[in-house]
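Undergrad: Dumping the structure here so I can ask a few things about it.
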Amino acid sequence: MSEREAAVCVATANGVGPVTAGRLRRRFGTYRRTIAAACGTAAGGADIPPKVRNALRESARPESLARQLAWARAAGARFVMAGESDYPDILGEIPRAPVGLFVKGRTLADLVPMIAVVGTRAPTPRGKTVARELAGDLARAGLAVASGLARGIDTAAHRGALEAGGTTVAVLGSGLDRLYPPENAGLADEIVARGAVVSEFGMGRDAAPGHFPQRNRIVAGLSIGVVVVEAAERSGALITAARALEEGREVFAVPGPIDEPQSRGPNGLIKAGAKLVEGIGDVLDELTDAWGPFGSTRGGAADGAPSGRPGAAMHGTRDPAGGSVGEAVTRHLTLTPLSPDELAGRTGEPISRILAVLLELEIADLARGCPGGRYVAGSALRRSEARGTRPAKPARRRR
């Protein structure tokens with residue numbers, strides 16, 4: 001078994017995510033040794049949790065591996081392992097980087113730099129038009145447009161890039177042979193001809209709700225920036241924005257009317273410090289500051305540009321000293337509602353940072369807003385709801 005074949009086994013093992021895969025590789029040095037240990041042909045199998053060991057044994061069965069590889073060939077796809085030339089360096093830098101990707105289409109490393117354009121599956125006509133036109137402008141500027149092939153804004157973004165004669169990359173929440181949504185099969189074929197369709201999920205894996213947050217981290221991880229066009233308060237596009245923050249990417253948002261539910265997500269991001277986008281120049285100016293001219297960054301960082309992560313657009317969500325403002329805030333969140341001003345006083349952080357961090361924590365369901373603009377711990381609130389209790393309401397101010 002080659003190292004790539006072993007990586008396929010690890011990547012497609014049921015219940016073995018990128019964090020576990022990374023730990024195993026650090027423990028055994030290679031994926032081949034990991035599989036050998038799990039199968040009992042090398043020492044160390046006892047160090048692998050039983051469920052993980054059984055999952056690896058199942059995926060490493062000759063018939064299981066042969067089926068994955070045959071399905072990939074039949075779909076016209078290939079498996080690209082982290083560290084290989086077709087695996088973009090920028091993706092390998094993120095937390096929980098995938099073991100590898102199934103790729104159909106062009107070489108991913110030839111499609112950088114990318115920028116993600118994401119949003120709701122139920123956009124307004126205005127939102128679809130903005131996404132299509134903005135993606136087209138970005139493609140004409142020399143950027144590949146990444147998105148998730150979902151209905152709505154994602155579809156508009158892919159089409160806008162293609163209509164402009166540019167390239168686009170679609171990241172799936174299913175195996176490449178289980179395309180979702182099915183009505184986008186024709187669009188996926190167009191994308192393959194000009195860009196790429198990719199997934200970290202093995203062949204035969206159907207789309208599932210838990211797959212899409214995993215998909216979103218890859219959309220953000222492939223990109224130097226994420227543009228949110230329209231998104232409701234609990235939209236998956238905001239998860240992509242949160243992952244972009246975690247991965248050190250630029251975050252942009254297109255403002256919308258305050259009476260539109262689809263505007264609440266991007267408007268909230270702007271209040272938290274995301275770059276407001278009224279046109280292509282707002283995006284290009286910010287990205288050029290971080291990465292230099294795009295012509296010189298294709299395939300690698302430009303001279304004078306950061307060689308690792310680009311700077312975050314939502315300034316102040318990470319402590320310059322290296323600590324996490326988010327950790328400081330979560331330590332003070334309980335079942336007793338606190339205002340942003342109170343949290344700023346307790347943590348010693350500026351109110352602008354507190355507001356930005358609270359948005360991130362809300363997206364991750366680690367904080368939840370209460371009446372009066374106060375916040376409680378999200379996890380504590382879920383536990384209290386399970387017990388039938390509620391956090392105390394903030395006292396009403398006298399007039």
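Undergrad: How would you classify region 3-69 from its alpha-carbon gyration tensor, with a ≥ b ≥ c the square roots of the eigenvalues: rounded for a/c under 1.5, else prolate if a/b is greater than b/c, otherwise oblate?
TA: rounded
Undergrad: Per residue of region 68-74, what does 6.51 cos²θ - 1.76 cosθ + 1.60 with θ = phi - 60° give for ³J(HN,Hα)? Whole Hz please, x for Gly and Pro, Karplus curve as stated.
TA: 4, 5, 5, 4, 5, 4, 5
Undergrad: Further question: Taking amide H atoms as placed 1.01 Å from N in the peptide plane, list the residues 5 or more away in sequence, or in a different chain, whose amide H sits under 5 Å from that of THR334.
TA: For THR334, the qualifying residues are ALA377.
Undergrad: Can you sort ARG249, ARG27 so the residue with the fewest Cβ neighbours within 10 Å comes first?
TA: With the fewest neighbours first, ARG249, ARG27 line up as ARG27, ARG249.
Undergrad: Three principal axis extents, largest first, for the C-alpha atoms of region 91-297, in Å?
TA: Extents along the principal axes, in whole Å: 42, 38, 33.
Undergrad: Another question about this same structure. Taking θ = phi - 60°, what integer Hz values does the Karplus form 6.51 cos²θ - 1.76 cosθ + 1.60 yield along region 205-216, in sequence order, with x for Gly and Pro?
TA: Going residue by residue, I get 8, 6, 5, 8, x, x, 6, 6, x, 5, 4, 5 Hz, with x marking Gly and Pro.
Undergrad: Roughly speaking, what is the stretch gain from GLU327 to ALA122, that is 0.36 nm per residue apart minus the C-alpha to C-alpha distance, in nm to one decimal?
TA: 70.4 nm
Undergrad: Can you tell me how region 52-156 classifies by the Cα gyration tensor, rounded, prolate or oblate, using a/c under 1.5 as the rounded cut?
TA: Here region 52-156 falls in the prolate category.
Undergrad: Under a 5 Å amide H to amide H cut-off, with H placed in plane at 1.01 Å, what residues pair with ALA367 once short-range neighbours are removed?
TA: Amide H neighbours of ALA367: GLU362, GLY378.
Undergrad: Next question. Could you give each residue of region 269-281 its phi-based ³J(HN,Hα) in whole Hz, using Karplus coefficients 6.51, -1.76, 1.60 with θ = phi - 60°, and x for Gly or Pro?
TA: The phi angles translate into 4, 5, 4, 7, x, 5, 6, 6, 10, 10, x, 4, x Hz.
Quick note: the coordinates plus some simple rules give every number you see, no bench work behind them. Bear in mind the structure is a predicted one, so any value in this text is a computation, not a measurement. Positions of Cβ are backbone-derived with ideal geometry, glycine not excepted, and every protein chain shown enters the neighbour counts.
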